[in-house]
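Asks: First the structure, then my questions, so here it is.
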Amino acid sequence: MSPSGQLSQTFLRLGVSRHFNPRILSASSLITTTNHNNTNHLNTYSLRPSNNIARQQLRNFTQTKIKMSATNNAAWIKAAKSHPFVVEPAPVWTPEANEILVKNHAVAINPVDASLQAAGWWPLNYPTMLGQDVAGVVAAVGPGVTSFKVGDRVVGHAVGMATKRDQDNAFQEYTIVQTNMATLLPDQIAFEKAAVLPLAMSTACCALYQETHLKLQLPTVPAQKPNGKTVIVWGGASAVGSNAIQLAKNSGYEVITTASPKNFEYVKKLGASQVFDYASPTVQDDLINAMKGKTSAGALDCIGGAPQGILQQVLAKSEGVKGVASTKRGWPEPPEGVQMYSIFGTTLKDNFVGKAIYNDFLPAALAAGTYVPAPEPIIVGKGVEKIQEAVDLVKKGVSAAKLVVTL
């Protein structure tokens, strides 16, 4: 039988329509069939299409196979403030341009998830899901997407809180992620470790790099050379702080941070040059003295409340940039010359920062080991039904760790 005929028979066995034209594929296009051993026994076919028509037909074929083989379950929140989540089916979503569909292997829990469920303070289209941190395998790619392919291991920031689209939320088995908010994940990093990254890292990036905030120079691999400027990070052992320290260090800045004494070594390993006890009655004076002779590049408050006023006073008495970016609103009136910035952790999806971090910096940094997923994950359990338990636990608070559910 001719190579074309062999391909025809192969694709017929796979359930592909006779309208699929095998002549647009090279004879060696069908390489392998791999079972990923998940509950849906979804097969991924590795192919090398020989032209654009073939690539589009292959994309349609792959998405058809996914819809035929896969099911999606989600932890639905049926109405504002409702508890518990209800585990019910959801559609297997179809990615559009600049999007990928991720089969989630791990999702992480953030404090915002608990506050959204309990207080309903952000307008959402109920019923819906919550969640922003996903790590898993690409199940399908949207039209024109070439930077990711089916089968790639990825970590990504699901931005449903901003888009208000159900497909963009994390607390389900399949999630749509924008390509500029997704990163190729090295094989040596487990999904549950990678899942701690997205929202915390995005929040730190919004503070450090956006033109509307501190406007630091971007991180590189290898790291930027030291530029003689210093960033203060209040709450270095928090999820946002753990990422902010690494980002600023890779951008060429010295980092001074605060933490509890038990986490001093942890934040130093991430790259902080000095660390002070946030509970010390002398912490404000300690930071002022530490900044003497240094040039400020600004400060990031990862906690909110009293630290906002402390950082205002520290920067008012320091040379250089006098901007404080904070994860919480409600700060006191700043001294003259000090500027306050509020952070919303998804805004980088709409500007240059998203691609610069998720596509240009993070894949190489993770592969090189110059950036590590932090803080450490605590696995609450396996399955969508465990997400509510994890959200309830995060209300109690965690230190230098993040709660994760595997799927």
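The values are calculated or read from the model by the stated rules, or taken from the named source; none is laboratory data. Since this is a predicted model, take the numbers as computed values, not measurements. FYI the Cβ positions are ideal-geometry reconstructions off the backbone, even for glycines, and counts take in every protein chain you see. These area figures cover heavy atoms from the full protein model, side chains too; ligands, DNA and RNA do not enter into them. Shrake-Rupley method; radii C 1.70, N 1.55, O 1.52, S 1.80 Å.
Asks: So if we plug the beta-carbon distance of Lys81 and Lys292 into 1/(1 + (r/R0)^6) with R0 = 45 Å, what FRET efficiency do we get, rounded to 0.05?
Replies: Details: r = 49 Å, r/R0 = 1.09.
With a Förster radius of 45 Å, E is 0.40.
Asks: Considering lysine pairs in region 64-156 that are 8 or more places apart or on different chains, how many have Cα atoms under 22 Å apart?
Replies: Details: Lys65/Lys103; Lys65/Lys149; Lys67/Lys103; Lys67/Lys149; Lys103/Lys149.
Count of close lysine pairs: 5.
Asks: Can you give me the accessible area per residue for region 256-407, using a 1.4 Å probe, in Å²? Don't skip to the answer; put the middle values down first.
Replies: Numbers: 6810 Å² over 152 residues.
That works out to 45 Å² for each residue.
Asks: Please give, to one decimal in nm, the separation of the simple spin-label points placed at Glu385 and Lys262, each 7 Å out from Cα toward the Cβ.
Replies: 3.3
Asks: Something else about it: So who's got an amide H within less than 5 Å of the one on Val141, skipping anything under 5 residues away but keeping other chains? H placed 1.01 Å off N, in plane.
Replies: Excluding prolines and chain starts, which carry no amide H, the hits are Leu101.
Asks: Probe radius 1.4 Å, ligands and nucleic acids left out: which of Trp93, Trp234 has the largest accessible area, and how do the rest follow?
Replies: From most exposed to least exposed: Trp93, Trp234.
Asks: Once both labels are modelled 7 Å past Cα along the beta-carbon direction, what's the Thr212-Ala368 spacing in nm?
Replies: 3.1
Asks: Ignoring ligands, DNA and RNA, how do Val338, Val86 rank by accessible area with a 1.4 Å probe, largest first? Working shown, then result.
Replies: Numbers: Val338 15, Val86 50 Å².
Solvent-accessible surface, decreasing: Val86, Val338.
Asks: On to the next question. Shape verdict for region 240-340, please, from the Cα gyration tensor: rounded (a/c under 1.5), prolate (a/b greater than b/c) or oblate. List each step's numbers first, then the result.
Replies: Working: a/c = 1.42, a/b = 1.30, b/c = 1.09.
Rounded, because the longest to shortest axis ratio a/c is under 1.5.
Asks: Be a star and scan region 303-319 for residues whose amide nitrogen sits under 17 Å from the point 7 Å along the Cα-to-Cβ vector of Glu333.
Replies: 309-310, 312-313
Asks: Put a dot 7 Å past each Cα toward the Cβ at Ala306 and Trp121; how far apart are the dots in nm?
Replies: Spacing of the two 7 Å Cα→Cβ label points: 2.0 nm.
Asks: Please give me the summed charge of the neighbours of Lys229: other residues whose Cβ is under 9 Å from its Cβ, Lys and Arg +1, Asp and Glu -1. Write down the numbers at each step before the final one.
Replies: Values: positive: Lys294; negative: Glu254.
With Lys, Arg at +1 and Asp, Glu at -1, the net is 0.
Asks: So if I take the centroid of the Cα atoms in region 199-230 and the same for region 335-407, what is the distance between those two points in Å?
Replies: So the separation of the two Cα centres works out to 16 Å.
Asks: Which of the pairs Lys215/Lys349; Lys215/Lys269; Lys294/Lys317 have their Cα atoms more than 19 Å apart in this structure?
Replies: Details: Lys215/Lys349 16 Å; Lys215/Lys269 25 Å; Lys294/Lys317 11 Å.
The answer is Lys215/Lys269.
Asks: What share of all Cα pairs of region 160-260, in percent, falls into each consecutive 5 Å distance bin?
Replies: Reading the bins upward from 0: 2, 11, 17, 22, 19, 14, 10, 4, 1, 0.
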